[in-house]
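We did not get these values from a lab; they are worked out from the coordinates using the rules stated. Everything quoted here is computed from the prediction, not taken from an experiment. As a convention, Cβ positions derive from the backbone with ideal geometry for all residues, glycine included, and neighbour counts pool all protein chains shown.
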Amino acid sequence: MSSSESILTLSALARQISATVRHIFGQERFWVVAEVIGLKVSRGHCYLQLAEKDEINITPKAEFRGIIWASAFEKLHKRFVQETDGDLREQLQILICVEVQFHERYGLSLIVHDLDPSYTLGQLELERRKTIERLKQEGIFELNRNRKLPEVIQRIAVISAKDSRGYEDFIKRLVENNYRYHFKVKLFPSLLQGDLAATDIIAKLIEIYEQLIVEEFDAVLIVRGGGGASSLGCFNDYSLARAVARFPLPIITGIGHSANQSIVDEVANLAVITPTDAAVFLVNHNANFESVIISLWQEMEGRLTEQIDTEKIFLNDAGSLLSSNSKFALKNEQQLLDYTLLNFRTNVSSKINQEQSELKFIIHKISSSENYISDSQLRELKLNHQELLRLSKSTLNSQEDLFKSIENKIRILDPLNVLKRGYSYTLKDDQLISDLTLLSIGDNIKTVFANGELNSTITTIKNG
């Protein structure tokens, strides 16, 4: 057992260590690079857990407690925020000016007197560039950006905090849109800042992907109601950016920061600033499609109207030409019939006259030769003469009756005479209707009779 002279109390040992530290380091200050793995602000003081990790960035090679006293923290933190556009937080590489101090009760600490924001800013930008370059080398950086947005976006999967003001604004703007469009929105609640945010958002993307089997979405939105640039850290995470880039649906982001664009913003199909901006985009996107459809419809309607007018003119011209040609043909046929009938009558009359002349000559000859003909022969000749006259008249009357019948049929076929017999015909837009399927309820039609016209509107249609 050691002698009593070599035994020290814990406080005595602590005083010796403190004296040794003061002797070796004094008030000398050192510029040190470290990663913040823990941070807490209490009563204006900032308590840091600083570490240097190994090559694979897992196990700390060294770890110290750091303190920024309230007297310096407000000034240092204000400058840090102004130059980096973000808060001092965990997982940042920082360059700090420290003094080594040992306290008998609290142990060894590094008292931070100054920090260089430009170093942290450079490290953040370096990490950001490395992540972007890695995504490009993998050939996925522009994968989601090149996905075509649907012409109409109505079924939306939203990753957001359930009770956030940003999500409420998003829904309100969608529901109260001026066009009265209907949107089907399904919320997937998630963390949107902090160390666990990236992992949680990835989990929600996986959940949405799995639901695509039974539920279709047009696009995915990641929205939050704003926050400092420091809270954008999760959106620069490689794993999250990779998941967004490779997602099979277009992703739209509205994470509420206009100064800096995160890597997730860059790989997403579309990046807007706020949730409200996202809602406005969706409404305008659908309105643009509706405008195109209306324009195409109006153009088609105009062309159809023009075509119908052209066809009406053609049909009217064709109808007029047909009517004119029909009247001309009917007139020619009537003239031809009149001429034929007159010619026939002339020929028959001439023939009868000729026959009568010949008969008279024969009778005269016979009369002059009566002395040479017996009475019985004479009587027979007279009977034959009478029969010949009767047959001639009968033949002439039959031919006259035939031509009168033909002439009567022609007159009967005259459209005006057809109408006088109780018939009529129907017109729609001055077009002759011969098929009931060409008419619809509400159509205005014109019925033409022999003594006038009747205009009417169809109220019922009964098919035969």
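Hey, what do the phi angles of the stretch 119-135 turn into as Karplus ³J(HN,Hα) couplings, whole Hz, using 6.51/-1.76/1.60 and θ = phi - 60°, x for Gly and Pro?
5, 4, 4, x, 5, 4, 5, 4, 5, 5, 5, 4, 5, 4, 5, 5, 5
Share of Cα-Cα pairs in the stretch 201-339 beyond 28 Å, in percent? Write out the running numbers ahead of the final one.
Working: 4970 of 9591 pairs.
It works out to 52 percent of all Cα pairs.
Would you mind calculating the gained length between Asp87 and Ser394 on full extension (0.36 nm times residue separation, minus the Cα-Cα distance), in nm to one decimal?
Full extension of this stretch gives 97.5 nm more.
Separation between the Leu296 and Leu342 pseudo-spin-labels, each 7 Å from Cα along Cα→Cβ, expressed in nm?
Going by the 7 Å Cα→Cβ label model, 6.9 nm.
Can you tell me the orientation of helix 165-175 relative to the chain, as the angle in degrees between its alpha-carbon axis and the longest Cα principal axis, to the nearest 10?
Helix 165-175 sits roughly 10 degrees off the main axis of the chain.
In terms of the Cα gyration tensor, with a ≥ b ≥ c the square roots of its eigenvalues, is the stretch 113-170 rounded because a/c is under 1.5, prolate because a/b exceeds b/c, or oblate?
oblate
Using amide H atoms built in the peptide plane, which far-off residues or other-chain residues are under 5 Å from His103 H to H?
When sequence neighbours closer than 5 places are left aside, the close amide H contacts are Leu108, Ser109.
Given that compact globular proteins tend to follow 2.2 N^0.38 Å, what is the ratio of the alpha-carbon Rg of the chain to that value?
2.45
Just need the relative contact order of the chain here, percent rounded to a whole number, with Cα pairs under 8 Å and 6+ apart.
Relative contact order for the chain comes out at 9 percent.
Take peptides 82-89, 7-14 and line them up by average Cβ neighbours within 10 Å, highest first, as a rough protection proxy.
82-89, 7-14
Across 10 Å bins from 0, what is the distribution of all Cα-Cα pair distances for the stretch 255-332, in whole percents?
Spelled out bin by bin, the stretch 255-332 gives 15, 20, 15, 12, 11, 9, 8, 6, 3, 0 percent.
May I ask you to evaluate 6.51 cos²θ - 1.76 cosθ + 1.60, the Karplus curve with θ = phi - 60°, for each residue of the stretch 106-112 and list the ³J(HN,Hα) values in order in whole Hz, giving x for glycine and proline?
For the stretch 106-112, the Karplus-derived couplings read 9, x, 7, 9, 10, 8, 8 Hz, x marking Gly and Pro.
Ala161's amide H: which non-local residues (gap 5+, or another chain) put their own amide H closer than 5 Å, with H modeled 1.01 Å from N in plane and none for Pro or chain starts?
Ser190
When DSSP beta bridges are limited to those with both residues in the chain, what percentage is antiparallel, rounded to the nearest 5?
Values: 41 of 60 bridges.
Counting DSSP beta bridges with both partners in the chain, the antiparallel share is about 70 percent.
Given Cα pairs under 8 Å that are at least 6 residues apart, what percent is the relative contact order of the stretch 8-136?
26 percent
Which whole-number percent is the relative contact order of the stretch 145-273 (Cα, under 8 Å, 6+ apart)? Mind dumping the intermediate values first?
Working: 217 pairs, mean separation 37.8, N = 129.
Once divided by the residue count of the stretch 145-273, the mean separation gives 29 percent.
Points 7 angstrom from Cα along the Cβ direction at Arg29 and Tyr423: gap in nanometres?
11.7 nm
Indicate the gyration tensor shape class of the stretch 8-136 (rounded, prolate or oblate), computed on the Cα atoms with a ≥ b ≥ c the square roots of the eigenvalues: a/c under 1.5 is rounded; otherwise a/b larger than b/c is prolate and the rest oblate.
Details: a/c = 2.49, a/b = 1.73, b/c = 1.44.
Prolate, since a/c reaches 1.5 and a/b exceeds b/c.
Please sort 428-434, 96-102, 120-126 by packing, taking for each peptide the average over its residues of neighbouring beta carbons within 10 angstrom, highest first.
96-102, 120-126, 428-434
Would you calculate, for the chain, the mean residue ellipticity at 222 nm contributed by helices, counting each DSSP H stretch of 4 or more residues as -39,500 (n - 2.57) and dividing by all residues, to the nearest 500?
So the helix-based figure for the chain works out to -17500 deg cm²/dmol.
Projecting each Cα onto the charge dipole of the chain (Lys/Arg +1, Asp/Glu -1 at the beta carbon, about the Cα centre), which of Phe64, Ala12, Ile445 comes out farthest on the positive side?
So the residue furthest toward the plus end is Ile445.
What list of ³J(HN,Hα) values in whole Hz, one per residue of the stretch 327-344 in order, does the Karplus curve 6.51 cos²θ - 1.76 cosθ + 1.60 (θ = phi - 60°) give from phi, with Gly and Pro shown as x?
Ordered by residue, 3J(HN,Hα) equals 4, 5, 5, 5, 5, 5, 5, 5, 5, 5, 5, 4, 5, 5, 5, 4, 5, 5 Hz.
Around Ala34, which amide H atoms from residues at least 5 apart in sequence, or from another chain, sit under 5 Å from its own amide H, with H modelled in the peptide plane?
Excluding prolines and chain starts, which carry no amide H, the hits are Ile94, Ile96.
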